[in-house]
Amino acid sequence: MKIYRAKNYEDMSRKAANILSAQIILKPDCVLGLATGSTPIGAYEKLVEWYQKGDLDFSEVTTVNLDEYKGMDRENEQSYYHFMQDHLFGHVNISAESTHLPDGLAADSAQECARYDSLIRDLGGIDLQLLGLGHNGHIGFNEPGEAFEKGVHCVDLTESTIEANKRFFASADEVPKQAYTMGIQTIMQARKILVVVCGEEKADMVAKVFCGEVTPAVPGSILQMHRDVILVGDEAALSKIPE
Ligand code: GLP
């Protein structure tokens, strides 16, 4: 695992965007696995800036997002579809057909999971997967549990995730209780993984995930078993990881 220590959020965002843009430059028709949450926003801003300067071209890029709330209309401002339009897709030259997220409104959950799984397989897998880290160690929406879930599946969100994500909604009651997410196997099959972390409140979890026991109770800990992981974090988030 490579660790890049950034001075602050801005520096973390630039470093992460550099890695994402290197992937696009080296393989213009790459498949990027993308993430939502507040942590990657700064990296997306950099990508948009570099695209606008003429340094990046998304015309051949395909994206697959990690997750989406179940029952959420994509036009809803809190949908991850909306988030991606706002922060990236709406500002760069990527065609709508090349961007993919689970369909929150799919009538049949099992069918939707199977569709998203085979879509990722048909694309030839993910070249670079971007990940944030949930406060309870979740990646995507793979919540702490008894076993590592394999493929795309529908999850019941934990109280702590609902609590952490309520800042984006008017109240905790409005946070959806379920979500579709790539499974641990889907994520682990990505050829390269880039994890972004920021802030002191993540420091204990970052140490558990990257230096603790590999256990489904801390879903992100499985990343220790991946052979090509890059961790980019600010000083506060990495403060409990030994030099
Ligand atoms: C959500 C997303 C995750 C994300 C996490 C952390 O739960 N499903 O993919 O990593 O939030 O978000 P933040 O970066 O805002 O801490």
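The values are calculated or read from the model by the stated rules, or taken from the named source; none is laboratory data. These numbers come from a predicted model, not from an experiment. No Cβ is skipped: glycine too gets one built from the backbone with ideal geometry, and neighbour counts run over all protein chains shown. Side chains are part of the model used for accessible areas, which takes the heavy atoms of the whole protein and leaves out ligands, DNA and RNA. Shrake-Rupley method; radii C 1.70, N 1.55, O 1.52, S 1.80 Å.
Using θ = phi - 60° and the Karplus form 6.51 cos²θ - 1.76 cosθ + 1.60, what ³J(HN,Hα) does each residue of segment 163-180 get, whole Hz, x for Gly and Pro?
4, 5, 8, 5, 4, 8, 10, 5, 7, 4, 4, 8, 6, x, 8, 9, 8, 8
What does the convex hull of the Cα atoms come to per residue for segment 14-88, in Å³?
It is 89 Å³ per residue.
Can you give me the Rg/Rh ratio for segment 151-226, using Cα atoms for both radii and the Kirkwood formula for Rh?
0.99
Rounded, prolate or oblate for segment 98-188? Axes are the square roots of the Cα gyration tensor eigenvalues, ordered a ≥ b ≥ c, and the cut-off for rounded is a/c under 1.5.
It comes out prolate by the Cα gyration axes.
In Å, the Kirkwood hydrodynamic radius of segment 76-129 over pairs of distinct alpha carbons?
Radius from the Kirkwood sum: 12.6 Å.
In this model, which of Lys7/Lys192; Lys2/Lys208; Lys15/Lys192; Lys27/Lys177; Lys7/Lys70; Lys7/Lys202 are farther than 26 Å apart at the alpha-carbon?
Check vs 26 Å cut-off fails for Lys27/Lys177; Lys7/Lys70.
Just tell me, in residue order, which DSSP H segments of the chain are both 24 angstrom or longer along the helix axis (alpha-carbon based) and at least -0.5 in mean Kyte-Doolittle hydropathy.
Going by DSSP H runs, the hits are 9-26.
Between beta-carbons, use under 12 Å as the cut-off and find the net charge around Ala203, counting Lys and Arg +1, Asp and Glu -1.
-2
Could you work out how much longer the chain between Glu243 and Asp204 gets when fully extended? Use 0.36 nm per residue separation minus the Cα distance between them, nm to one decimal.
Net length gain for the segment: 12.5 nm.
How large is log10 I(q)/I(0) at q = 0.22, 0.31 Å⁻¹ when the Debye formula is applied to the Cα atoms of segment 1-51, each weighted equally and without solvent?
-0.87, -1.29
For a quick size check, give me the Cα extents of segment 107-243 along its three principal axes, largest first, whole Å.
46, 39, 25
Which whole-percent values make up P(r) of the chain when all C-alpha to C-alpha distances are grouped in 10 Å steps starting at zero?
Bins of 10 Å from zero give 8, 34, 40, 18, 1 percent of pairs.
Let me cross-check Asp117: its accessible surface, 1.4 Å probe, with only protein heavy atoms counted, in Å² to the nearest 10?
About 40 Å², ignoring ligands and nucleic acids.
Beta carbons within 10 angstrom, averaged per residue: use that to sort the peptides 83-96, 193-206, highest first.
Packing proxy ranking, top to bottom: 193-206, 83-96.
Taking amide H atoms as placed 1.01 Å from N in the peptide plane, list the residues 5 or more away in sequence, or in a different chain, whose amide H sits under 5 Å from that of Leu34.
Sorted by chain and number, the residues that satisfy this are Val64, Asn65, Leu66, Leu130.
What percentage of the solvent-accessible surface of the chain, computed with a 1.4 Å probe over protein heavy atoms, is contributed by carbon and sulfur atoms?
The nonpolar share, carbon plus sulfur, comes to 48 percent.
Which of the trypsin sites (Lys or Arg not before Pro) found in segment 99-167 are in a DSSP loop and have at most 15 neighbouring Cβ atoms, other than their own, within 10 Å?
Loop-located and lightly packed - Lys150.
Roughly what % of Cα-Cα distances in segment 32-72 sit above 16 Å, to the whole percent?
Percentage above 16 Å: 49.
Which value, in Å², gives the accessible area per residue of the chain when a 1.4 Å probe is used on the protein heavy atoms?
The answer is 46 Å² per residue.
Place a +1 charge on the Cβ of each Lys and Arg in segment 140-203 and a -1 charge on the Cβ of each Asp and Glu, then give the dipole magnitude about the Cα centre in debye, rounded to the nearest 20.
Dipole about the Cα centre, nearest 20: 440 debye.
In the Gaussian network model of the chain, springs joining C-alpha atoms below 10 Å, which of Met225, Met72, Met188 carries the largest mean-square fluctuation?
Looking only at Met225, Met72, Met188, the biggest GNM fluctuation is shown by Met225.
So if I take the centroid of the Cα atoms in segment 153-178 and the same for segment 13-79, what is the distance between those two points in Å?
23
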